[in-house]
Amino acid sequence: MSQPVDRSEGALLEVSGLSVTVTADGRPARAVDGITLHVGHGEAVGLVGESGSGKSLTLRAILGLLPPGAAVAGGSVIFDGYDLVGQGSRALRRIRGTGISMVFQEPMTALNPVVKVGDQMVDAARKRLGWGRAEARDHALQLAKQMGITEPEASLSLYPHELSGGLRQRVMIAAALASRPKLLLCDEPTTALDVTIQAQIIELLARLRDELAMSMLYVTHDLAVVAQLCTRVEVMYAGRIIERGPVTETFAAPSHPYTLGLLRATPDVDDVRAELYAIPGSAPGVRSRPAGCPFHPRCQFASTECESGDFPLRAVSRTQETACAFPERIEGRARVAPDAETGVGT
Amino acid sequence: MTTPLLELDQASVTFRSRRRGVQVRAVDRVSLSVNSAEIVGLVGESGSGKSSLARLTVGLNRLSSGSASFNGVPLPVGRWPGELRQQIQMVFQDPYSSLNPRMTVGQQLSELLRIRVGLSRAEAGKRSAQLLDQVHLPAELLDARPRQMSGGQRQRVAIAKALTQGPDLLVADEPVSALDVSVQAGVIKLFGELRRELGVAVLFISHDLAVVRHLCDRVAVMYMGQIVEHGSTGEVFSDPRHPYTRALLAAIPRVTTARTETSGAVKGDPPSLTRLPSGCRFRLRCPLAQTRCAEEEPELREPTGAAAGHVAACHFSDVRPEQQP
């Protein structure tokens, strides 16, 4: 399952040195700071981070869908041979239409409020795939069934506001899948859903990944969802990638204290013996990122060397990279909770 | 036997459905108790009635039948007396909803302490600092406004506000669901500490079974307005007797194990409360359903071989899944 980290040749999506600035009150700040990552054909990559890490901005920058006040400040995004950065909106729309779909956490932002949801799915498939109405309709119904939507015929003839939140979310995912994209960008699409529905959607996405070789870049804060769906993981903190590697190896033996902290902070439903660990403090805002290693004020393994200088990603094994200068400090500590922990001031 | 702090007996909450104009029972004949210094979890999918039940216990929803009492005294129908409102406090998912954006943390805490508790200005200031310490926030935050704080800090302030009047019971509705994982653990532990140090009982409503397993002494699983399984947390999680509980557990993604076919997970959505199926409400999604399930509504009872106090509402709860055909 694991692949060498540097195999980016011929990748479907290649992001290099991508930076995004957000401007508020006339003061720009770098929210995404030189991100480099790739997604191979048929590969699912998890982009994990907490609020303010820049993971959603990264995803939106790839599609040219940044919110007002945010702009790409540098870097390139190559999708299927095309550079998406700096393209006009018409060119972008063409590329988006033919190969990339995105699903958001908030379904209302992606659905047209005055078109019945079934028609939106049918339109997407007809426009992008050139299908006939009947064929597109069957496809839409089938997708809806796979999403666990009960009574799909009835649900698809409703307008977005008539659906419950969970149903709306599934319809949006189905609409994004209706055009059979090569790359699906996901921004926490199952976070607001019940676990039973989430399980069905994860199962469906995994099947599409395998059967249609659909690639995925999946942004989430939920390590468990990444473990179910992705083969590689990129962990973001304060606008940078601080650890990357194959999911199984990274979660079994993380090489950055932040990843270790996240794993220990995630409650395990099967095992209550390990005490939960609260990472002290909270993630820094875009304007208050510390010098040196951005994680050092919250890191229980930090020393004075961590307070200044650069901490670029470097290889710690054939498959794993970390931005921590002292990964040996957490070696062998997998998921056992530390002795002293307070969670003060979080 | 001592009187439970909170006791619901066959309690129901009904609403009129907007679309169909019929009565729906969001909470349907629920019996549940919370003892002093006990943490009881209430889990279920959205629409299961867990929030309606929570709101009933703080007087935001009206009881339509059955009984609900606190310290043996029925919860009043109209406006609650001040003393009762002090004893039961609610913590919401979004701490913004209980914080005033224009006032500093110190002002909000002292205001409550002066008006509701009757402390002097100086006493209130001192007590505010103590309360912040109790929720592990630095005293500097007394001068901060909600927007200057992180989500975790805001939730701790909301908890501090709920503590100003020395409550016996906190009703917490998804209190950690909106928090980042790295800070969520701290707030979960805080509830455990408050119970240990102040003897506060907590009714903890959550959709996250892993969180409930780590925090709660007992857990009740709700489905379509009813409790379908109830018992000590360890028992319910290690020996679930209702197929719905098993389905919920099977659906949770795990960090440690690779993806497996979620064969145990249920498909589809719960049916609408306005169109209840006959018999067992879970039967349309249940892998074990048989004709008996359509004819006879299962009652909560102790299954064979289950620990005392562990109950499930399923005709087939005596048989564990590995023994089932």
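With the convex hull of the Cα atoms taken as the outline of region A:106-180, the averaged projected area works out to 4.2 nm².
Whole number in Å², please: accessible area per residue of region A:102-202, 1.4 Å probe, ligands, DNA and RNA not counted.
Details: 4080 Å² over 101 residues.
The answer is 40 Å² per residue.
Buried accessible surface for the B/A chain pair comes to about 4000 Å², total over both chains, computed with a 1.4 Å probe.
Between the exposed loop cleavage positions of chain A, defined as trypsin sites (Lys or Arg not before Pro) in a non-H, G, I, E, B DSSP state with at most 16 neighbouring beta-carbon atoms within 10 angstrom, the longest gap is A:117-272. Only alpha carbons enter this Debye calculation for region B:155-285, each as an equal point scatterer, and the log10 of I(q)/I(0) it gives at q = 0.09, 0.15 Å⁻¹ is -0.33, -0.86. Each part gets one Cα centre, and for region B:209-256 versus region B:14-76 those centres are 19 Å apart. Computed from the Kirkwood radius of its Cα pairs, the Stokes-Einstein diffusion coefficient for chain A at 10 °C and 1.306 mPa s stands at 75 µm²/s. Our helix-only sum for chain A, with -39,500 (n - 2.57) per DSSP H run of n ≥ 4 divided by its residues, gives a mean residue ellipticity at 222 nm of -9000 deg cm²/dmol. Between the amide H of residue B:39 and those of B:202, B:217, B:218, distances stay under 5 Å, these residues lying 5 or more places away or on another chain, with hydrogens modeled in the peptide plane. Apply the a/c threshold of 1.5 to the C-alpha gyration tensor of the protein assembly as shown and tell me whether it is rounded, prolate or oblate. Here the protein assembly as shown falls in the oblate category.
Shape of region B:285-325 from its Cα gyration tensor (a ≥ b ≥ c, root eigenvalues): rounded if a/c is under 1.5, otherwise prolate when a/b > b/c, or oblate? Before the final figure, lay out each step's value.
Details: a/c = 2.68, a/b = 1.31, b/c = 2.04.
Because a/c hits 1.5 or more and a/b fails to exceed b/c, region B:285-325 counts as oblate.
Of the trypsin sites (Lys or Arg not before Pro) found in region B:55-127, those in coil by DSSP whose Cβ has at most 10 other Cβ atoms within 10 Å are B:79, B:102. Here region B:166-325 is treated with +1 on each Lys and Arg Cβ and -1 on each Asp and Glu Cβ, and its dipole about the Cα centre works out to around 400 debye. The mean count of C-beta atoms from other chains within 10 Å of the C-beta of residues in A:279-286, rounded to a whole number, is 4. Positive-end ranking of B:100, A:111, A:241 along the dipole of the protein assembly as shown, with charges on Cβ about the Cα centre, is headed by A:111. Positive contributions from Lys and Arg (+1) and negative ones from Asp and Glu (-1), summed over other residues with Cβ under 12 Å from the Cβ of residue A:249, come out at +1.
In the structure displayed, which of A:127/A:182; A:116/A:182; A:55/A:127 lie more than 21 Å apart, Cα to Cα?
Checking Cα-Cα distances, A:116/A:182; A:55/A:127 exceed 21 Å.
Rounded to the nearest Å, what's the spacing between the alpha carbon centres of region A:21-45 and region A:61-92? Just the number, please. Result: 11 Å between the Cα centres.
Which whole-number percentage describes the relative contact order of chain A, with Cα contacts under 8 Å and a sequence gap of 6 or more?
Working: 654 pairs, mean separation 71.0, N = 346.
In percent, rounded to a whole number, it is 21.
Taking every alpha-carbon pair under 8 Å whose residues sit at least 6 apart, region A:106-180 reaches a relative contact order of 47 percent. For region B:69-84, 3J(HN,Hα) computed residue by residue from phi via the Karplus equation (6.51, -1.76, 1.60; θ = phi - 60°) reads 9, 10, 6, x, 9, x, 5, x, 7, x, 5, 7, x, x, 4, 5 Hz, glycine and proline entered as x. Sequence-ordered 3J(HN,Hα) estimates for region A:49-55 from the Karplus curve with 6.51, -1.76 and 1.60 and θ = phi - 60° stand at x, 9, 4, x, 7, x, 5 Hz, glycine and proline given as x. Relative to the longest principal Cα axis of chain B, at what angle does helix B:121-134 sit, 0 to 90 degrees, rounded to 10? Long axis of B:121-134 versus the principal axis of chain B: about 40 degrees. Charged side chains reduced to their Cβ positions (Lys and Arg at +1, Asp and Glu at -1) give chain A a dipole of some 1100 debye around its Cα centre. Between the beta carbons of residue B:197 and residue B:129, assuming R0 = 22 Å, the FRET efficiency works out to 0.85 to the nearest 0.05. For residue B:90, the residues whose amide H sits under 5 Å from its own are B:171, ignoring neighbours fewer than 5 places away on the same chain, with H placed 1.01 Å from N.
Annotation: extensible slack from residue B:97 through residue B:18 equals 25.9 nm (criterion: 0.36 nm per residue apart, minus Cα-Cα distance).
The values are calculated or read from the model by the stated rules, or taken from the named source; none is laboratory data. Note that the structure is a prediction, hence the values are computed from the model and not measured. So basically every Cβ, Gly included, is an ideal-geometry build from the backbone, and we count neighbours across all protein chains shown. These accessible areas exclude ligands, DNA and RNA; they are computed on the full protein's heavy atoms, side chains included. Shrake-Rupley method; radii C 1.70, N 1.55, O 1.52, S 1.80 Å.
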